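The values are calculated or read from the model by the stated rules, or taken from the named source; none is laboratory data. No experiment lies behind these values; they were computed from the predicted model shown. When we count neighbours, we look across all protein chains shown, and the Cβ atoms used for this are built from the backbone with ideal geometry, even at glycine.
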Amino acid sequence: MSNDLHISWERYEHDIEKLAKKIYSDGFEFNQIVCIAKGGLRVGDIFARLFDCPLAIMAAESYSGDKVKDRQGQLIFSNSIAKTTPNLGNKVILVDDLADSGKTIEKSLEYLKHYHGFFIEDIRTAVLWMKSCSEYTPDYYVDYLSEDPWIHQPMEKYEAMNIEDIVNKPNLTVV
């Protein structure tokens, strides 16, 4: 049996909606969404629309030198947080797609708490999927994955493609 979990676009959107409902039902009132790019971009975008709340983007990348599964390297953050407001809100929901090892979320929290000029009173975390191997438990998550599957998200097909693949795709005309 394969330890892979394939997520469809339908499930992906459904899980984002379930996560939003869970946070809303809990009563956490935040005034800032921060997403961890790139996994949290879609979650953050949809949350910004549903909750009518500003979105900030922090880019973080784990680089190990190769693309070996289950191997996380050094976590690197961007120099700044992209936002359209002068400051971050003081009540923040930090979103990502999943808690795998939990290290990205933990280090992102640390980064936000020490980011110069921001005064965060309350910060909570939310992900779609939490693996049992995660050392960090987010405040909110949709599914707990006890078997730690390798998750294949619907947008990953583009990682094996380039623009020429799209340009040469039959039945894809541009007007």
Kindly list the number of the only condition in (1) aliphatic (A, V, I, L, M); (2) in contact with a strand residue (DSSP E or B) (Cβ under 8 Å, 6 or more places away or on another chain); (3) free of Cβ contacts under 8 Å to residues at least 12 places away in the same chain that fails for L112. (3)
Output the residues belonging to the range 13-47 that are in a helix (DSSP H, G or I) and either surrounded by fewer than 17 Cβ atoms within 10 Å (Cβ to Cβ) or touching a Gly at 6+ places or on another chain (Cβ under 9 Å) (or both). E13, H14, E17, K18, K21, K22, Y24, S25, D26, D45
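Of all the residues that make up the range 28-45, how many are among the charged types (D, E, K, R), modelled with pLDDT of 95 or more and more than 17 Å from N90 (Cα to Cα)?
Initially, the range 28-45 is screened for residues among the charged types (D, E, K, R), giving 29, 38, 42, 45.
From what is left, the residues that are modelled with pLDDT of 95 or more are 29, 42, 45.
Applying the additional criterion that residues be more than 17 Å from N90 (Cα to Cα) yields 42, 45.
Qualifying residue count, the range 28-45: 2.
Tell me, which residue of the range 76-114 that is assigned to a helix (DSSP H, G or I) and among the polar types (S, T, N, Q) is surrounded by the fewest Cβ atoms within 10 Å (Cβ to Cβ)? Quick ask: steps written out before the conclusion?
Start the filter on the range 76-114 by keeping residues that are assigned to a helix (DSSP H, G or I), which leaves 103-113.
When the remaining residues are screened for being among the polar types (S, T, N, Q), the result is 104, 108.
Working: T104: 24, S108: 22.
For the range 76-114, the residue satisfying everything is S108.
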Does at least one position in the range 165-173 carry a residue that is surrounded by fewer than 16 Cβ atoms within 10 Å (Cβ to Cβ), in a loop (DSSP other than H, G, I, E, B) and β-branched (V, I, T)? yes
Under 6 Å between Cβ atoms, at least 6 apart or on separate chains: pull out the pairs that start in the range 84-108 with a residue that is over 20 Å from E29 (Cα atoms) and end on any residue that is among the charged types (D, E, K, R) and surrounded by fewer than 24 Cβ atoms within 10 Å (Cβ to Cβ). D100/K131; G102/E135
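Just name the residue that is surrounded by the fewest Cβ atoms within 10 Å (Cβ to Cβ) out of those in the range 130-148 that are of a type in the set (A, V, I, L, M, F, W, C) and over 22 Å from E29 (Cα atoms).
Across the range 130-148, the extreme among qualifying residues is C133.
Filter the range 100-137 down to residues that are at positive phi and more than 17 Å from the chain's Cα centre (by Cα), then give me how many there are.
Going residue by residue through the range 100-137, those that are at positive phi are 102, 117.
Next, only the ones that are more than 17 Å from the chain's Cα centre (by Cα) stay: 117.
Qualifying residue count, the range 100-137: 1.
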So which residues in the range 126-141 are farther than 17 Å from Q153 by Cα and of a type in the set (S, T, Y)? S132, S134, Y136, T137, Y140
Can you tell me how many residues in the range 1-12 are touching a residue at least 40 places away in the same chain (Cβ under 8 Å) and part of a helix (DSSP H, G or I)? 2
